[in-house]
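The values are calculated or read from the model by the stated rules, or taken from the named source; none is laboratory data. Given the structure is predicted, the values throughout are model-derived calculations rather than measurements. Heads up, the Cβs are rebuilt from the backbone with ideal geometry, glycines too, and the neighbour counts pull from every protein chain shown. Note: areas computed on protein heavy atoms with side chains; ligands, DNA, RNA excluded. Shrake-Rupley method; radii C 1.70, N 1.55, O 1.52, S 1.80 Å.
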Amino acid sequence: MALDTDSLTPPKLSLSDTEIDWSRLDKTRFHVIGAVLFTVQQGLIHPTAVVKTRMQVVDSRFSNMPGILVFKHILRHDGIPGIFRGFGTSAIGSLPGRVLALTSLEMSKDLILKYTQGWNMPETTRIGLANGVAGLFSSLISSLYFVPLDVICQRLMVQGLPGATFYTDPFDVARKVIKAEGFRGLYRGFGLTALTNSPATALWWGAYGAAQRIIWRSRGYRDDSDKKPSHVEMVAVQATAGMVAGACSSVITTPIDTVKTRLQVMDDYGAARPSVLKTTKTLLKEDGWWGFYRGFGPRFLNMSLYGTTMIVTYELIKRLSIKNS
């Protein structure tokens, strides 16, 4: 009997399968699979976040070291646990926030796509606009949850450095911050995050949506074409678009991230409260304008890897979560 080779070949996918909307998803499966895969993905890139954070908040001698040397320094003095400081808190604490972020992202993107349907604009522009607006809205909503978590994780990451406060666990961080500054202490950098990261997130998702569409069209694919991409080709295109979006975003947001990180972990600020202006002036005095790019190498690597791995993981989760016919 002849071997049925068609059964061994992955099915071709239409371009509609690369843009899965909210209504086609099994919501429970989407969030459960997402929790597992995103935690794995987060663990893979967490060490770069630790290196970046330490380079941004320590003295200029240490901050001017190449990222790889900082990584080796942490390994030598703290071992493997050192490069995963704050990971448990970040991974577990991110779960509710991730549900909030992904739900708001997909629902708002779906609404924008439906609202703009029939508008006189190129499809690439319409998809980029929908992704961008959805990213902006999702970032604003999720910041309410993630900023306090970020403050706690950042402080755990810098433990062991000169002048850093000692904490026994994440709850100890929250208790000490609230005792010293009140509940608002957990929202240090919130305004900066909302005013800067939200547009940056909008830029990331908008660039991703547009870049993916441009790549597909440059390769000869159309919605009404019989030509359909393979699984491997689809992953390659999405990974490329995610990497480009992540790399561009890191260049734009690193100065803001440096100020925000220092603002969130600062303890010794005397009688006056820390502020964005005061933190910016201190950074300028210490290192000049280049100081705003402290930790740029690890952050560039972090966001490029994040952009690539996140979007591949995210698109995989959506494909695995399509409702059964």
*Scan the range 288-325 for residues that are in contact with a Leu (Cβ under 9 Å, 6 or more places away or on another chain), polar (S, T, N, Q) and part of a helix (DSSP H, G or I) and jot them down.*
T309, T313
*For F84, state whether it is in contact with a His (Cβ under 9 Å, 6 or more places away or on another chain), open to solvent by 50 Å² or more (accessible area, probe 1.4 Å) and over 21 Å from K318 (Cα atoms).*
yes
_Please go through the range 182-195 and give me each residue that is of a type in the set (V, I, T) and open to solvent by 30 Å² or more (accessible area, probe 1.4 Å), ordered by number._
none
*asked:* Could you check the range 121-159 and list, in sequence order, the residues that are aliphatic (A, V, I, L, M) and open to solvent by less than 30 Å² (accessible area, probe 1.4 Å)?
replied: I127, A130, A134, V147, L149, V151, I152, L156, M157, V158
*asked:* Can you list residue pairs whose Cβ atoms sit under 7 Å apart, with the first residue in the range 228-252 being within 29 Å of F292 (Cβ to Cβ) and the second being surrounded by 15 or more Cβ atoms within 10 Å (Cβ to Cβ) and basic (K, R)? Count only pairs 6 or more apart in sequence or on different chains.
replied: S250/R299
*Of everything in the range 159-190 that's free of Cβ contacts under 8 Å to residues at least 12 places away in the same chain and aromatic (F, W, Y), which residue is nearest to L149 (Cα to Cα)?*
F171
*asked:* With the requirement that a residue be of a type in the set (S, T, Y) and part of a helix (DSSP H, G or I), what does the range 87-137 give you?
replied: T89, S90, S94, T103, S104, S108, Y115, T124, T125
*How many residues, within the range 181-191, are part of a helix (DSSP H, G or I) and either closer than 15 Å to L263 by Cα or in contact with a Leu (Cβ under 7 Å, 6 or more places away or on another chain) (or both)?*
7
*Any idea which of V244, V232, V237, V251 is modelled with pLDDT of 75 or more, hydrophobic (A, V, I, L, M, F, W, C), open to solvent by less than 50 Å² (accessible area, probe 1.4 Å) and not in a loop (DSSP other than H, G, I, E, B)?*
V237
_Odd one out for G118 among (1) modelled with pLDDT under 85; (2) open to solvent by 50 Å² or more (accessible area, probe 1.4 Å); (3) within 21 Å of V265 (Cα to Cα); (4) not aromatic (F, W, Y)_ = (3)
*Total residues in the range 304-325, condition over 15 Å from Y208 (Cβ atoms), among the β-branched types (V, I, T) and crowded, with 16+ Cβ neighbours inside 10 Å*: 1
